[in-house]
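The values are calculated or read from the model by the stated rules, or taken from the named source; none is laboratory data. On a predicted model such as this, the values are computed, not experimentally measured, just so you know. Note: ideal-geometry Cβ built from the backbone for every residue, glycine included; neighbour counts use all protein chains shown.
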Amino acid sequence: MPAHAGVHLVGVDMTTATKLLYTVVFVAGLVVVRWLARLIVRTVLRGRAHTRGRFWTRQGINLATAVIVTLGLISIWFDNGLHAAAALGLLTAALAFALQKAVASVAGYFLILRGDVFAIGDRIVMGGVRGDVIGLGFLRTTILEMGQPTGDEDATVPMWVQARQYTGRVVTVTNGAVFDEPVYNYSRDFPFIWEEMHVPINYDADRDLAERLVLDSVRRNTEGRIDVGRQSLQQLRPRYFVPAAEVSLEPEVFYTMTSNWLELAVRFVVPTHDIRRVKSDIAKSVADAFAEHGVEVASATYAIVDVPPLTVQAPDADPARVYPADGGTVSGSRSRSC
């Protein structure tokens, strides 16, 4: 490019301008193609039934776009393959040093894409956040947060929903968290969890009747889920070693003796979603059954075994007279004992 008024832009010539034009046209065309591809996916794979297929197709489009952009830019700007390899190596090393967190997040993204960690729609705990995965990008995972159940609270996370229900907050976690902390997946391979409810009864209550009423209530409110859970468990066994002795899908009641009552802990299987409603239905059913059969739920009580003597003194009376509990009169400070 000719110099004007003695000013010459270093490196800017007709060849560079042509490459810039090619770059703009190439990137713009690729953006349009990507948009059309995502539009087709949205049209063909619509509805909740195709959520996972739509997710993985979008991830494939994103990866293909990234690869084509990289190869296209290298082809446009580097005529010599050795120069391209050297420049790419230097660029990669510089980025790896300066953007370590970003590189770790991209590596975490590819680890997640293997499918062994989680997928869209899974209920997970990642980076201290629990909820359902609603989005996945090259750097971040987006989670629709849910509350913390009783006994599983995290003091570092402010929470007001005391159950596994949505809070309404959308939280983003860097993909690099998969390398730093364990990821708990509630629904990937076995979309059920074992839950427990604790019912205290008096020691003199009919414990056999109470156990039967609790089990009947659980079976009635989890009917049909055990068969589905059994099928999921059979699909899980070929992939992992699952000890059969410790895995029971039938409701069970376990007893615990305390200083106040006999505690019945009923253990049962429920799907990972809608747990709070199932437990609420079971609690209402148990309460109705106990009321119908006269079984009382125990509560903390206190027994007073000895009462010390009490003295009551009237401030406006003659302090020289004392009124004992038997109604007599004696000398001394005025007080009343009872």
Collect the residues in segment 189-214 that are modelled with pLDDT under 85 and surrounded by fewer than 18 Cβ atoms within 10 Å (Cβ to Cβ), keeping them in residue-number order. ASP189, PRO191, ILE193
Search segment 18-30 for residues that are surrounded by 13 or more Cβ atoms within 10 Å (Cβ to Cβ) and pair each with any residue that is of a type in the set (Ser, Thr, Tyr) when their beta-carbon atoms are under 8 Å apart and the residues are at least 6 apart or on different chains. LEU30/THR65
With respect to THR18, is the statement that it is in a helix (DSSP H, G or I) and at pLDDT below 75 true? no
Can you find even one residue in segment 2-14 that is at pLDDT 70 or above and not in a strand (DSSP E or B)? yes
Over segment 105-148, the set of residues part of a strand (DSSP E or B), hydrophobic (A, V, I, L, M, F, W, C) and either more than 15 Å from SER187 (Cα to Cα) or without any contact (Cβ under 8 Å) to a residue 40 or more places away in the chain (or both) is VAL129, VAL133, ILE134, LEU136, ILE143, LEU144, MET146
Just to verify a result, which residue in segment 149-179, among those that are of a type in the set (Ser, Thr, Tyr) and not in a strand (DSSP E or B), is modelled with the lowest pLDDT? THR156
